[in-house]
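**Q** Can you read through this structure? Questions will come right after.
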Amino acid sequence: MDRIKECLHSNGIFNYGLIRPEIIECGKEFLEPYKNSKEYSEFAERDLNKRFNPEEILVGTKSILVVLFPYKMKAHIEYNDSYGVASFAEGLDYHKKNREILKELAEKLELELNESKGYGIHIDNGPMVDRYMAYSAGLGWYGKNCLLINGELGSSFTIGSLFMKKKFNSEDYCNKTIIDGCGECRLCIKACPNGAIGDGYKIDSNLCLSERMQSKREIPYDIREKIIGGAYGCDICQEACPYNCVAIKPLACRHNIFKDLNLGKKSFTLKYGSTAFAWRGHSVYKRNLLILLGNRFKSTGDSKSFEAAFDLAASNSYMVATHAWWAMLRIDNIRAALWINGKSKVEKDDLRLAEMEKLLSHYCDEK
């Protein structure tokens with residue numbers, strides 16, 4: 001363990017734990033009742049045998065080192081034309097950055113030298129249940145918002161794991177978990193703007209703004225209207241958590257809505273390709289920016305913001321075009337309705353025509 005400690009500490013990492021692979025199986029019973037529910041995340045593997053089977057990552061796993069990679073929580077100071085992203089997605093993609101740290105550790109442990117395929121790395125992009133592995137490693141407890149909370153880091157960390165065929169001394173493995181540290185606190189539940197966090201440690205992925213902004217599924221109008229903070233992810237429940245509050249620092253938003261709405265696919269990749277939020281693609285990101293635009297400039301009639309949405313109204317992307325119409329209606333209802341009515345008379349695409357009618361009915365019909 002000395003080499004593990006030396007490597008991780010040199011990278012500013014001080015929260016990690018070693019577990020035996022068989023301990024993971026115990027977590028399956030907690031997810032079993034939810035795997036077929038509508039609340040279950042679309043990004044999570046539904047086959048629980050894969051989610052709790054270390055052999056999916058490395059055949060012959062004997063030990064798993066679970067590591068918490070800290071990041072700084074940043075409460076964004078927003079202006080009308082600026083926006084941020086969730087704190088975990090700031091800077092270089094944590095998948096790439098943390099993978100390199102674990103790869104460096106594997107080399108120092110001489111795992112590759114000992115045998116072929118002597119290790120496997122899992123960082124939030126495979127079937128395994130990262131939070132349960134971290135819980136099993138004694139690194140935190142489940143908060144009411146279903147995030148793992150560490151007494152030192154709060155929930156401002158990502159999780160990575162090194163799967164090894166190597167065995168360690170029995171005293172090196174974690175043999176206890178941490179009890180609930182939330183008590184009667186319900187601040188995260190109260191803070192969620194869309195009521196996604198329920199009692200009993202449940203979260204409805206259909207209502208979670210972070211989940212919806214990453215999904216390519218249609219976002220209902222009422223949920224769109226609550227997206228006002230950023231273009232990717234959501235920190236609201238984390239910002240409300242007392243374990244995070246001491247570490248949060250105000251930061252002026254670094255991105256500009258108008259400039260980024262003008263990015264083509266190539267420009268988007270050049271500017272943001274190294275970030276954690278680029279993986280969902282150009283169209284999803286523009287959709288999210290259009291939602292921000294419509295909400296930031298709601299009912300203002302602002303010409304600049306209306307024109308920014310209008311410029312994308314004829315996009316080849318159905319997702320981008322329909323959200324441009326939505327943003328136009330939010331900014332200048334009368335002007336947008338006139339354009340959409342006129343466009344609907346010549347529109348040939350049945351899907352687009354149906355969305356035009358739906359938008360006009362929802363935002364323009366007298367109640």
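The values are calculated or read from the model by the stated rules, or taken from the named source; none is laboratory data. Only a predicted model underlies this, so the values are computations on that prediction, with no experimental measurement involved. Cβ: placed from backbone, ideal geometry, glycine included. Neighbour counts: every protein chain shown. Just so you know, the surface numbers come from the protein's heavy atoms only, side chains and all, with ligands and any DNA or RNA stripped out. Shrake-Rupley method; radii C 1.70, N 1.55, O 1.52, S 1.80 Å.
**Q** Which number in (1) closer than 18 Å to TYR71 by Cα; (2) open to solvent by 20 Å² or more (accessible area, probe 1.4 Å); (3) modelled with pLDDT of 90 or more; (4) more than 14 Å from the chain's Cα centre (by Cα) marks the one condition that CYS237 misses?
**A** Of the numbered conditions (1) closer than 18 Å to TYR71 by Cα; (2) open to solvent by 20 Å² or more (accessible area, probe 1.4 Å); (3) modelled with pLDDT of 90 or more; (4) more than 14 Å from the chain's Cα centre (by Cα), the odd one out for CYS237 is (4).
**Q** Continuing with the same structure: Which one of these is over 30 Å from ASN206 (Cβ atoms), of a type outside the set (A, V, I, L, M) and in a strand (DSSP E or B): GLY17, GLY12?
**A** On the way: GLY12 fails: in a strand (DSSP E or B).
Only one candidate qualifies: GLY17.
**Q** Does the range 201-218 include one or more residues that are part of a loop (DSSP other than H, G, I, E, B) and either of a type in the set (Val, Ile, Thr) or under 14 Å from SER155 (Cα atoms) (or both)? Break it down into steps so the answer makes sense when it comes.
**A** First pass over the range 201-218, keeping only residues part of a loop (DSSP other than H, G, I, E, B): 201, 204-208, 215-218.
Now restrict to residues that are either of a type in the set (Val, Ile, Thr) or under 14 Å from SER155 (Cα atoms) (or both): none.
No, that holds for no residue.
**Q** Name the residue, out of GLU45, GLU39, GLU55, that is of a type in the set (D, E, K, R), over 23 Å from ARG212 (Cα atoms) and either open to solvent by 50 Å² or more (accessible area, probe 1.4 Å) or not in a loop (DSSP other than H, G, I, E, B) (or both).
**A** When all the criteria are applied, what remains is GLU55.
**Q** Here's something else I'd like to know. Mind listing whichever residues of the range 322-355 are small (Gly, Ala, Ser) and either in contact with a Leu (Cβ under 7 Å, 6 or more places away or on another chain) or buried (at least 21 other Cβ atoms within 10 Å of the Cβ) (or both)? Can you show your working first?
**A** First pass over the range 322-355, keeping only residues small (Gly, Ala, Ser): 324, 327, 336-337, 342, 344, 354.
Once the filter is applied, which keeps residues that are small (Gly, Ala, Ser) and either in contact with a Leu (Cβ under 7 Å, 6 or more places away or on another chain) or buried (at least 21 other Cβ atoms within 10 Å of the Cβ) (or both), the range 322-355 yields ALA324, ALA327, ALA336, ALA337, SER344.
**Q** Every residue in the range 297-313 that is open to solvent by 40 Å² or more (accessible area, probe 1.4 Å) and not in a helix (DSSP H, G or I), please. Walk me through how you get there before you give the answer.
**A** Filtering the range 297-313 for residues open to solvent by 40 Å² or more (accessible area, probe 1.4 Å) gives 298-300, 302-304, 307, 310-311.
Within the range 297-313, LYS298, SER299, THR300, ASP302, ASP311 meet the criteria.
**Q** Separate question: Hey, can you tell me all the residues within the range 200-218 that are within 16 Å of VAL320 (Cβ to Cβ) and surrounded by 20 or more Cβ atoms within 10 Å (Cβ to Cβ)? Reasoning before the result, please.
**A** Let us first name the residues in the range 200-218 that are within 16 Å of VAL320 (Cβ to Cβ), namely 213, 215-218.
If the condition is that a residue be within 16 Å of VAL320 (Cβ to Cβ) and surrounded by 20 or more Cβ atoms within 10 Å (Cβ to Cβ), then MET213 is the only one that fits.
**Q** Would you be able to tell me the number of residues in the range 75-133 that are of a type outside the set (D, E, K, R), open to solvent by 50 Å² or more (accessible area, probe 1.4 Å) and in contact with a Ser or Thr (Cβ under 7 Å, 6 or more places away or on another chain)?
**A** Filtering the range 75-133 for residues of a type outside the set (D, E, K, R) gives 75-77, 79-80, 82-89, 91-92, 94-95, 98, 101-102, 105-106, 109, 111, 113-114, 116, 118-123, 125-129, 132-133.
Filter once more, keeping what is open to solvent by 50 Å² or more (accessible area, probe 1.4 Å): 77, 79-80, 92, 113-114, 116, 125.
This time we only want the ones that are in contact with a Ser or Thr (Cβ under 7 Å, 6 or more places away or on another chain), so: 92.
Number satisfying all stated conditions: 1.
**Q** Criterion first (farther than 21 Å from GLY229 by Cβ, of a type in the set (S, T, N, Q) and either touching a strand residue (DSSP E or B) at 6+ places or on another chain (Cβ under 6 Å) or surrounded by fewer than 19 Cβ atoms within 10 Å (Cβ to Cβ) (or both)) does SER155 satisfy it? Give the derivation first.
**A** Details: farther than 21 Å from GLY229 by Cβ: no; of a type in the set (S, T, N, Q): yes; either touching a strand residue (DSSP E or B) at 6+ places or on another chain (Cβ under 6 Å) or surrounded by fewer than 19 Cβ atoms within 10 Å (Cβ to Cβ) (or both): yes.
When the stated conditions are applied, SER155 does not pass them.
**Q** Given the structure, is LYS5 buried (at least 17 other Cβ atoms within 10 Å of the Cβ), free of Cβ contacts under 8 Å to residues at least 40 places away in the same chain and assigned to a helix (DSSP H, G or I)? Quick ask: steps written out before the conclusion?
**A** Values: buried (at least 17 other Cβ atoms within 10 Å of the Cβ): no; free of Cβ contacts under 8 Å to residues at least 40 places away in the same chain: yes; assigned to a helix (DSSP H, G or I): yes.
When the stated conditions are applied, LYS5 does not pass them.
**Q** Here's something else I'd like to know. Could you say which residue among GLY294, GLY281 is modelled with pLDDT under 95 and open to solvent by less than 60 Å² (accessible area, probe 1.4 Å)? Don't jump to the end; show me each part of the working.
**A** Numbers: GLY294 fails: modelled with pLDDT under 95.
GLY281 is the lone residue from the list that is modelled with pLDDT under 95 and open to solvent by less than 60 Å² (accessible area, probe 1.4 Å).
**Q** Consider ALA327 carefully, then state whether it is under 16 Å from ASP222 (Cα atoms), within 33 Å of the chain's Cα centre (by Cα) and free of Cβ contacts under 8 Å to residues at least 40 places away in the same chain.
**A** yes
**Q** Right, another one. Among the residues of the range 182-199 satisfying the criterion of being in a loop (DSSP other than H, G, I, E, B) and open to solvent by less than 30 Å² (accessible area, probe 1.4 Å), which is nearest to ASN150 (Cα to Cα)?
**A** Of all residues in the range 182-199, those in a loop (DSSP other than H, G, I, E, B) come to 182-186, 192-196, 199.
From what is left, the residues that are open to solvent by less than 30 Å² (accessible area, probe 1.4 Å) are 182, 192, 194, 196.
Numbers: CYS182: 11, CYS192: 20, ASN194: 25, ALA196: 22 Å.
Applying the filter and picking the extreme gives CYS182.
**Q** What is the residue count in the range 219-232 for residues that are surrounded by fewer than 20 Cβ atoms within 10 Å (Cβ to Cβ) and either within 14 Å of the chain's Cα centre (by Cα) or not in a loop (DSSP other than H, G, I, E, B) (or both)?
**A** So the answer is 3.
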